[in-house]
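Below is one structure, written out as structure tokens; the observations come after it.
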Amino acid sequence: MVAEVIEELGIREKTAGIAPVGCAVFAYNYFDIDMYEAAHGRAPAVATGYKRVQPDHYIFTYQGDGDLASIGTAEIVQAAHRGEKITTIFINNAIYGMTGGQMAPTTLVGQKTTTSPLGRDKEHCGEPIRMAEMLATISGSAFIARCALNTTPNLIKTKQAIKKAFETQIARKGFSMVEILSPCPTNWGKSPAEAMDWIGEAMIPYYPLGVFKEV
Amino acid sequence: MAKKLMKGCEAIAEAAIQAGCRYFFGYPITPQNDIPEYMSLRLPQVGGCFLQAESELAAINMVYGAAGAGARVMTSSSSPGISLKQEGISTAAAAELPCVVVNMMRGGPGLGNIQASQGDYFQATKGGGHGDYHVIVYAPSSIQEAVGMMAKAFDVADEYRIPVMILADGLIGQMMEPVDMDQVGEVHLREKPWAATGYVPGGKKPRAVINSLYIETEDLDVLVSRLEARYEVIRQKEPMIETYKTEGAEYILCAYGTVARVCKAAVRILEEKGVKVGLVRPITLWPFPYDKVREAIAQESVKEALTVEVSSGQMVEDIRLAVNGIKPVQFMGKGGSRIPSAEEIAERIMEMRRA
Ligand SMILES: Cc1ncc(C[n+]2csc(CCOP(=O)(O)OP(=O)(O)O)c2C)c(N)n1
């Protein structure tokens, strides 16, 4: 969807992407544009460096929830705070996928992972963090939305939000991010169909969909 | 041009700008704050960009982004901040990105103090971050020399696609000296066809992938072999050293940075007493000038060498490696920030003579 949007907006030759450390680590092989691979959590800082050198080019980061909401919280919050004209695609799958299913900051209360074998206990490690809501409170952010990949209408909305996020960057309005609730059947221990259901039943009630900020 | 009295940090910053540096990302830490402060005013004047990052981690990754886009870019910090940058420096080395990192060393370990020190020699020359890589390390002993190094540092970084470190003790940053800013040296800008400046499918420029991940063993082998071959060329071509009155000397002092200047004063004190002492001062700490150091110390006339550092003994290991047991090498120095005086160094040589 990201590639489609870049194509539709006709900005392919002036756009670069940044792959994170996580399951999207090989994204640089899947986008036929200039690409970076960043150290774990640091993609927004790398994007900042790129954008300051080439302010008339476009850049997006593609980050998981461990990358963005744990090790890289400083970078994402400060990039939004500075109003960096970059776009972030934030894949929230409530788990660390790449390293084999450990607990993420986004893991739901009660959800079992390899490092919360009895289910996440909020007394022990808090409640899941809602990044979209948090970043929407920052004055430098210009477009913040949360979408999900569980149904066809939601897929369509996700693509619209991604387009809007890039348009926000093109219009130089500020920081833009689309948080996307995504399935990780392998590490959730579910079939793909069950995983889609779980997004609707468990994730969306805690992570409401919608546009949190648009300027 | 007439010489102008300048603070070391400011002279280094101005020299970097004259060397074509247009981007600076950094986080405040004493004793190097005058570099970012100077950059914040000057870079916008020359069409560049200064940005205060939220941390040293972010700063070095902004450098990674800017270097990947083909810019001449630098960051500066002091010891604890340089520790935080190490993952990024390793990543930049692997991604073959040119950049310049200034370390105004302060006393460590931990937060240590904010006085001048040379405790980061190991970190700078023996890795610092993880994995098989090197950065080129220059150690200026005066502000003028630091100014003259900046153009070279950026050029060499571009030529070998390697991070370059200016390893200076806090004294260089904080003292004021008369400086001739015309001595920045020639600047050579080069094309960077590998940079992420936009990809046109079917065009002349290949698609840029700025990357440090090579998950297949064979692929990582290719990268590491390529880096090692380049390091070998650097070891052959880039070592720099100053030798001072070494010919026919009885004792050889070994020191780098401002300590080497104190050693020169000691050489002169001893000369007046009729003791022939010389000094070797490595200017590049990596690649280390092993051959020239050995040559000076292996001479017939030399009885012993004495390495002087503001550390508990770090460069002395490379001196001993260079000398390889041919002559005894003693060490004088303390960790923390105590800089020995010329008189103390001269006295130590007199003691070695009496022993
Ligand atoms: C500095 C550092 N710490 C830890 C790792 C190991 N690591 C690789 S991927 C990953 C988890 C990524 O999880 P997430 O961001 O949720 O992405 P996902 O794999 O779920 O797509 C971790 C911890 C690393 N590569 N670098």
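Does any residue in the stretch B:292-320 that is within 18 Å of B:Lys276 (Cβ to Cβ) come within less than 9 Å, Cβ to Cβ, of a residue that is of a type in the set (Asp, Glu) and outside any helix (DSSP H, G or I) six or more places away or on a different chain, and which pairs are these?
These pairs meet every condition: B:Ala296/B:Glu247; B:Ile297/B:Glu304; B:Gln299/B:Glu247; B:Ser301/B:Glu247; B:Ser301/B:Glu250; B:Val302/B:Glu250; B:Lys303/B:Glu250; B:Glu304/B:Glu250.
Kindly evaluate A:Tyr36 against the criterion of being more than 13 Å from the ligand (Cβ to nearest atom), at pLDDT 95 or above and not charged (D, E, K, R).
On the way: more than 13 Å from the ligand (Cβ to nearest atom): yes; at pLDDT 95 or above: yes; not charged (D, E, K, R): yes.
When the stated conditions are applied, A:Tyr36 passes them.
From the residues in the stretch A:70-89 that are of a type in the set (Gly, Ala, Ser) and in contact with a Ser or Thr (Cβ under 8 Å, 6 or more places away or on another chain), which one is nearest to the ligand (Cβ to nearest atom)? Working first, answer last.
We begin by selecting, within the stretch A:70-89, every residue of a type in the set (Gly, Ala, Ser); these are A:70, A:72, A:74, A:79-80, A:83.
Filter once more, so that each one left must be in contact with a Ser or Thr (Cβ under 8 Å, 6 or more places away or on another chain): A:74, A:79-80, A:83.
Values: A:Ala74: 14, A:Ala79: 16, A:Ala80: 18, A:Gly83: 24 Å.
Applying the filter and picking the extreme gives A:Ala74.
When the stretch B:197-254 is examined, which residues are found to be under 29 Å from B:Ala305 (Cα atoms) and either basic (Lys, Arg) or in contact with a Ser or Thr (Cβ under 7 Å, 6 or more places away or on another chain) (or both)?
B:Arg235, B:Lys237, B:Glu238, B:Pro239, B:Met240, B:Lys245, B:Gly248, B:Ala249, B:Glu250, B:Ile252, B:Cys254
Kindly list, by first and then second residue, each pair from a residue in the stretch A:50-69 that is more than 8 Å from the ligand (Cβ to nearest atom) to a residue that is of a type in the set (Lys, Arg) and part of a loop (DSSP other than H, G, I, E, B), limited to pairs with Cβ atoms under 9 Å and residues at least 6 apart or on different chains.
Partner pairs satisfying both residue conditions: A:Lys51/A:Lys85; A:Val53/B:Arg22; A:Pro55/A:Lys85; A:Pro55/A:Arg172; A:Tyr58/A:Lys85; A:Ile59/A:Lys85.
Run down A:Thr186, A:Thr113 and say which single residue is within 16 Å of the ligand (Cβ to nearest atom) and crowded, with 19+ Cβ neighbours inside 10 Å.
Details: A:Thr186 fails: crowded, with 19+ Cβ neighbours inside 10 Å.
Checking each option against the conditions leaves just A:Thr113.
Give the residue, chosen from B:Val200, B:Val156, B:Val147, B:Val164, that is more than 18 Å from B:Asn211 (Cα to Cα) and within 14 Å of chain A (Cβ to nearest Cβ).
Values: B:Val156 fails: within 14 Å of chain A (Cβ to nearest Cβ); B:Val147 fails: within 14 Å of chain A (Cβ to nearest Cβ); B:Val164 fails: within 14 Å of chain A (Cβ to nearest Cβ).
Result: B:Val200 is the single residue among B:Val200, B:Val156, B:Val147, B:Val164 that is more than 18 Å from B:Asn211 (Cα to Cα) and within 14 Å of chain A (Cβ to nearest Cβ).
Test of understanding: among B:Glu10, B:Glu56, which residue is more than 23 Å from B:Ala208 (Cα to Cα) and touching a Lys or Arg at 6+ places or on another chain (Cβ under 8 Å)?
Numbers: B:Glu10 fails: touching a Lys or Arg at 6+ places or on another chain (Cβ under 8 Å).
Just one listed residue meets the conditions, B:Glu56.
Taking into account only those residues within the stretch A:15-33 that are surrounded by fewer than 22 Cβ atoms within 10 Å (Cβ to Cβ) and part of a loop (DSSP other than H, G, I, E, B), which is nearest to the ligand (Cβ to nearest atom)?
Once the filter is applied, the top-ranked residue is A:Phe31.
Which pairs do you get when a residue that is in contact (Cβ under 8 Å) with a residue 60 or more places away in the chain, found in the stretch B:53-82, comes within reach of a residue that is of a type in the set (Lys, Arg) and part of a strand (DSSP E or B), reach meaning Cβ atoms under 7 angstrom, with the pair 6+ apart or on two chains?
Sorted first by the residue in the stretch B:53-82, then by its partner, the pairs are B:Ser78/B:Arg106.
Does B:Ile82 qualify as being in contact with a helix residue (DSSP H, G or I) (Cβ under 9 Å, 6 or more places away or on another chain) and either over 22 Å from B:Arg230 (Cα atoms) or not assigned by TED's automatic domain parsing to the domain that holds B:Ala15 (or both)? So that I can check it myself, show each step before the final result.
Details: in contact with a helix residue (DSSP H, G or I) (Cβ under 9 Å, 6 or more places away or on another chain): yes; either over 22 Å from B:Arg230 (Cα atoms) or not assigned by TED's automatic domain parsing to the domain that holds B:Ala15 (or both): yes.
Spelling it out, B:Ile82 is indeed in contact with a helix residue (DSSP H, G or I) (Cβ under 9 Å, 6 or more places away or on another chain) and either over 22 Å from B:Arg230 (Cα atoms) or not assigned by TED's automatic domain parsing to the domain that holds B:Ala15 (or both).
Only residues that are in contact with a Gly (Cβ under 9 Å, 6 or more places away or on another chain), part of a loop (DSSP other than H, G, I, E, B) and within 14 Å of another protein chain (Cβ to nearest Cβ): list them for the stretch B:10-62, please.
B:Cys21, B:Arg22, B:Tyr27, B:Ala53, B:Ser55
In the stretch B:203-222, what residues are under 28 Å from the mean Cα position of the chain (by Cα) and within 13 Å of chain A (Cβ to nearest Cβ)?
Answer for the stretch B:203-222, where residues must be under 28 Å from the mean Cα position of the chain (by Cα) and within 13 Å of chain A (Cβ to nearest Cβ): B:Ile210, B:Asn211, B:Ser212, B:Leu213.
From the list A:Tyr62, A:Tyr36, pick out the single residue that is within 8 Å of chain B (Cβ to nearest Cβ), not basic (Lys, Arg) and not in a helix (DSSP H, G or I).
Residue meeting the stated conditions: A:Tyr36.
Among the listed residues A:Met103, A:Met98, A:Met131, which satisfies the condition of being within 25 Å of A:Val25 (Cβ to Cβ), within 13 Å of the ligand (Cβ to nearest atom), under 18 Å from the mean Cα position of the chain (by Cα) and within 14 Å of chain B (Cβ to nearest Cβ)? Working first, answer last.
Details: A:Met103 fails: within 14 Å of chain B (Cβ to nearest Cβ); A:Met131 fails: within 14 Å of chain B (Cβ to nearest Cβ).
It is A:Met98.
Kindly indicate whether A:Arg12 is without any contact (Cβ under 8 Å) to a residue 24 or more places away in the chain and either at the interface with another protein chain (Cβ under 9 Å from one of its Cβ atoms) or away from the ligand (no atom under 16 Å from the Cβ) (or both). Step through it out loud before you land on a result.
Details: without any contact (Cβ under 8 Å) to a residue 24 or more places away in the chain: yes; either at the interface with another protein chain (Cβ under 9 Å from one of its Cβ atoms) or away from the ligand (no atom under 16 Å from the Cβ) (or both): yes.
Yes: the conditions hold for A:Arg12.
So B:Asp169 clears everything in (1) surrounded by 20 or more Cβ atoms within 10 Å (Cβ to Cβ); (2) over 12 Å from the mean Cα position of the chain (by Cα); (3) modelled with pLDDT under 95; (4) not aromatic (Phe, Trp, Tyr) except one condition, right? Which one?
Every condition holds for B:Asp169 apart from (2).
Just the residues that are modelled with pLDDT of 95 or more and either at positive phi or part of a strand (DSSP E or B) (or both), please, taken from the stretch A:85-100.
A:Thr87, A:Thr88, A:Ile89, A:Phe90, A:Ile91, A:Asn92, A:Ala94, A:Tyr96
The values are calculated or read from the model by the stated rules, or taken from the named source; none is laboratory data. Source: prediction; values computed, not measured. In this analysis, Cβ positions are derived from the backbone assuming ideal geometry, glycine residues included, and neighbour counts consider all displayed protein chains.
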